[in-house]
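The next block holds one structure in the form of structure tokens; read it before the comments.
Values quoted throughout were computed directly from the atomic coordinates according to the rules given, and no laboratory measurement underlies them. Note that the coordinates shown come from a computational prediction; the quantities given were computed from them, not determined experimentally. Note that we place each Cβ from the backbone using ideal geometry, even for glycine, and neighbour counts take in every protein chain shown.
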Amino acid sequence: MTQPRFDLFTLVHKGQRRVLFEITSAAGQLSAHDSAGRHGLASRIRAFFATMIEHAEHEDTYLLPLVIQAAPELAARMQAGHAALDAQLADVLANVDAALAAETRVGDLALYHALARLTSTYLAHVDLEDLEVQPALWAAFDDAKLAQVQGQLVAAHRPATVMFNLQAMMPAASSEERAAFLSGLRRNMPPPAFAHVRGLVQPLLAATEWALIDAA
Ligand SMILES: [Fe+2]
């Protein structure tokens, strides 16, 4: 059986889709009288968007130069997608502020629609990255090069963003993806660093999954 290629995007994008679906649904469920729920959702949206913005910035810094070499037309579409997403993230945040300033059904519905529009744009963007950019990178570079650049990209993230992404990704992934990803971390991280990761995601995996990871 041939080895699967080094995957840059699938897990982190699964985690981001999961959180986007959750917060969009939560905005749709807000009651006009639920001030605490609205403030909680606003905090969740702001924290998540900070990680989304950081993710796109690091993609531009570390991955875009490879995409420019491999497929310049895809690089242009990827960059344009990041610019479009920046504008829509700002639009959602403006709707968050408005919904907090005047707690009304109209404001909540406007926030819900802004989140749904962002989700639509985001789904098309990650489809491009997962299904067009990634195969172009596989055709142009070997796995060692891709893993090296991915390592630089992850190392550039704030620790809080790495932890947020891990906790978003694990429940969104298949059991096989979780095992492969965490086995790779266990092999490549210093033991104390992996122990920290394990502590954060321990409850998200079954004991049988941990047994497979520890035996890999
Ligand atoms: Fe992207």
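Dipole of the chain (Lys/Arg Cβ +1, Asp/Glu Cβ -1, origin at the Cα centre): which of 195, 28, 139 lies farthest to the positive side?
Result: 195, furthest along the dipole toward the positive end.
Residue by residue through segment 180-186, what is 3J(HN,Hα) from phi via Karplus (6.51 cos²θ - 1.76 cosθ + 1.60, θ = phi - 60°)? Round to whole Hz and write x for glycine and proline.
My calculation for segment 180-186 gives 5, 5, 6, 5, x, 5, 4 Hz in order.
Which values, in whole Å and largest first, are the semi-axes of the equivalent ellipsoid of the chain obtained as the square root of 5 times each eigenvalue of the Cα gyration tensor?
So the equivalent ellipsoid measures 32, 23, 14 Å along its semi-axes.
State the extension gain, in nm to one decimal, for the chain segment bounded by residue 97 and residue 148, taking 0.36 nm per residue of separation less the distance between their alpha-carbons.
Taking residue 97 through residue 148 to full extension adds about 14.4 nm, to one decimal.
Could you order peptides 129-135, 143-149 by the average number of other Cβ atoms within 10 Å of their residues, highest first?
Peptide ranking by packing, descending: 129-135, 143-149.
Would you mind checking segment 1-17 for residues with the amide N under 19 Å from a putative spin-label position 7 Å along Cα→C-beta of residue 194?
Answer for segment 1-17: 7.
Given labels modelled 7 Å from the Cα in the Cβ direction, how far is it in nm from residue 80 to residue 29?
Spacing of the two 7 Å Cα→Cβ label points: 3.7 nm.
Evaluate the charge dipole of the chain about its Cα centre and quote only its size in Debye, nearest 20, assuming +1 on the Cβ of each Lys and Arg and -1 on the Cβ of each Asp and Glu.
Its charge dipole is roughly 460 debye.
About the Cα centre, and with charges only on the beta carbon of Lys, Arg (+1) and Asp, Glu (-1), how big is the dipole of segment 1-100? Nearest 20 debye, please.
340 debye
Calculated FRET efficiency, residue 202 and residue 176, Cβ-Cβ r, R0 22 Å, to nearest 0.05?
0.70
Identify, among 104, 156, 89, the residue whose Cα sits farthest towards the positive end of the charge dipole of segment 10-157, taking +1 on the Cβ of Lys and Arg and -1 on the Cβ of Asp and Glu, with the dipole about the Cα centre.
In segment 10-157, that residue is 104.
To the nearest 10 degrees, how steeply does helix 72-101 sit against the main Cα axis of the chain, on a 0 to 90 scale?
Once rounded, one gets 40 degrees.
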